[in-house]
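The structure under discussion appears below in the form of structure tokens.
Read-outs: derived from the displayed coordinates by stated rules, not from any lab. From a predicted model like this one, the values you see are computed outputs, not experimental measurements.
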Amino acid sequence: MATFEGLGEVEARAFTSRWLPAWTGNDPEGLAAFYADDAVYCDPAVPGGVRGRDEIVAYFRRLLGRFPDWVWTNTDVRPLRDGFLNYWHADIPTPNGGVECDGVCTVSLRGGLITRNEVFFDRSPLLSALPSS
């Protein structure tokens, strides 16, 4: 029988209280410190994911550079076999006004570091608020 190795609600909320603020302020290296060297990160812009610390840092540099002042707030957690499900709310300032969105992401952990982070949300309102390139 497999042993549960995820985080309970209290531990998951404690982790998010440290991790989610790292998404604000354009410090990609600080954010990447929450991820294992062999981690995989996926979101709607990179559904195939970026792999390993170097790719993750490079992606976070572009992402946080574009949205340095966004703020992420945990709204709920659910234990998963090797981590937790993170429900979140984001306030995202854009040149055409602020966007608020809600989403969910899976967070898999090993030794206190994220090994896989898959983010899911409807990014249509965000894309609509950005200037055309």
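Would you mind checking which residues have amide H under 5 Å from GLY6's amide H? H placed 1.01 Å from N; only 5 or more apart, or other chain.
Answer set, sorted by chain and number: GLY83.
Mind pulling the angle between the C-alpha long axis of helix 9-19 and the longest principal axis of the chain? Nearest 10 degrees, somewhere in 0 to 90.
With both axes taken from Cα atoms, the answer is about 40 degrees.
Would you grab the residues whose amide H sits under 5 Å from the one on GLY49? Only those 5+ places off in sequence or on another chain, please, with H modelled 1.01 Å from N.
Distant-sequence amide H within range of GLY49: ASP43.
Across the stretch 45-57, in residue order, what do the Karplus-derived ³J(HN,Hα) couplings come to in whole Hz, using 6.51 cos²θ - 1.76 cosθ + 1.60 with θ = phi - 60° and x for Gly and Pro?
Rounded to whole hertz, the list is 7, 9, x, x, x, 10, 10, x, 4, 4, 5, 5, 4.
Show that you can apply the helix-only estimate: for the chain, add -39,500 (n - 2.57) for every DSSP H stretch of four or more residues, divide by all residues, and state [θ] at 222 nm to the nearest 500.
After summing the helix terms and dividing by the residues of the chain, the value is -8000 deg cm²/dmol.
Which residues' amide hydrogens lie under 5 Å from the amide hydrogen of ARG110, considering only partners 5 or more residues apart or on another chain, with H built in the peptide plane?
Residues meeting the criterion, in which the H sits 1.01 Å from N, are THR115.
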